[in-house]
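**Q** Starting off with a structure, shown below.
The values are calculated or read from the model by the stated rules, or taken from the named source; none is laboratory data. Fair warning: this is a prediction, and the values are worked out from it, not measured in the lab. Cβ sites come from the backbone with ideal geometry, for glycine too, and all protein chains shown count toward neighbours. Side chains are part of the model used for accessible areas, which takes the heavy atoms of the whole protein and leaves out ligands, DNA and RNA. Shrake-Rupley method; radii C 1.70, N 1.55, O 1.52, S 1.80 Å.
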Amino acid sequence: MTAFFFDFLGKYMNRKFAVLAFIGSITLLSACSTPKPAPEETVLAASCCSEVDQLPFYQISNPEFKQVFEITPNLSPVFDFASGSSPFQAVELPPHVGQLSVKVASILESQVFIPYVLVLDSNFNVSKTIDASNLKLNYGKIGTKAYKEASFEIETNPYDVNAARYLVMFTKPEQIGKYTEFKSAETIRAEDEGLARPIATDPKLPNGYYGSIELSLKPLTFGSVTKQQQTAGKAVSPSSQKAVIPTSSKSNKTSQMLPESEAFYNKMIESFVNDGEVEKALKLVEEAEYAGSTTARSTFISAIKKQ
């Protein structure tokens, strides 16, 4: 009787272990066959402009500034940089005399926009370059967003043509197909509490042409304007002077906004109005008119009437 019991128990346990092994193999095969996430919307639009001084610049008026810019397909403009075409966000710095602290942070979402930054003076000459080697991971607090970011300092002075005046944030085609690996919330929690690392692997996100960029400005010093600068007056970017920026396209510049840029602004204005974002649409109207648009306001009014 005892021999029969142990023989039955052994057969039952063998079957149980076989079932568990089978389930484990199915789970392992499923995990191995799961495809890596791929970057979204890799087909880019045509370049919006032939020269950098024709780019649509978002004007910042306050030296204490923080805002998230969405780099999105079919809405964000594209420029043909020396490294290749890329969507971008360009801003005009505030009229601050002194030193500014700048932080450019890419939010780790479904894909990662690896930011490169060009700092331009009033004549659109490149005075500083921030590339991927300057980026660091910032996890913040558990439960908050993680960032790939770079911090740097610049001298600004609207009376000095050689001081920083514009920022252009873009990415490089060489980043597409690569991945950004970062720690999961469970891994961070385990490290903070001195526990063993979790079994699950840390996440990887594909680097792509689109994402969210958070730009932060903070004044560090407040300088003074010299008498010579006051006599010369506020520096104005001359439209007749050629921009010196790495670019693979060379065309004759025009003083008016290009039709492509005009169409881009009008499309964004209509999109914001249709989504109920009237304030954003108004800000875009002002930005477009500052950049030379003659149809942005009429487009806005027409979109409002259609609601």
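**Q** Hey, which of the strands (runs of 3 or more DSSP E) in the stretch 99-166, taking only ones fully inside, have at least 2 residues that are open to solvent by less than 50 Å² (accessible area, probe 1.4 Å) and more than 21 Å from SER212 (Cβ to Cβ)?
**A** 116-121, 147-156
**Q** Also: Would you pick out the residues in the stretch 251-278 that are charged (D, E, K, R) and either modelled with pLDDT under 80 or on the phi > 0 side of the Ramachandran plot (or both)?
**A** LYS253, GLU260, GLU262
**Q** Any residue at all in the stretch 147-158 that is in contact with a Ser or Thr (Cβ under 6 Å, 6 or more places away or on another chain) and modelled with pLDDT under 95?
**A** yes
**Q** Let me ask something additional. Return the total of residues in the stretch 110-132 being within 11 Å of the chain's Cα centre (by Cα) and over 21 Å from ALA164 (Cβ atoms).
**A** Selection size over the stretch 110-132: 4.
**Q** Right, something else. Look at VAL68 and say whether it is modelled with pLDDT of 50 or more and in contact with a strand residue (DSSP E or B) (Cβ under 8 Å, 6 or more places away or on another chain).
**A** yes
**Q** Give the stretch 61-90 a look and list any residue that's of a type in the set (A, V, I, L, M) and crowded, with 19+ Cβ neighbours inside 10 Å, or say none.
**A** ILE71, VAL78, ALA90
**Q** Please identify the pairs in which a residue from the stretch 95-116 that is under 20 Å from THR221 (Cβ atoms) and in contact (Cβ under 8 Å) with a residue 60 or more places away in the chain has its Cβ atom under 9 Å from the Cβ atom of a residue that is small (Gly, Ala, Ser) and open to solvent by less than 30 Å² (accessible area, probe 1.4 Å), counting only partners at least 6 apart or on another chain.
**A** VAL97/ALA163; LEU100/ALA164; SER101/SER216; VAL102/ALA150; VAL102/ALA164; VAL102/SER216; LYS103/ALA150; LYS103/SER216
**Q** In addition: If I ask for residues that are at pLDDT 75 or above and either assigned to a strand (DSSP E or B) or β-branched (Val, Ile, Thr) (or both), which ones from the stretch 198-215 would you list?
**A** LYS204, LEU205, PRO206, ASN207, GLY211, SER212, ILE213, GLU214, LEU215 - these are the residues of the stretch 198-215 that are at pLDDT 75 or above and either assigned to a strand (DSSP E or B) or β-branched (Val, Ile, Thr) (or both).
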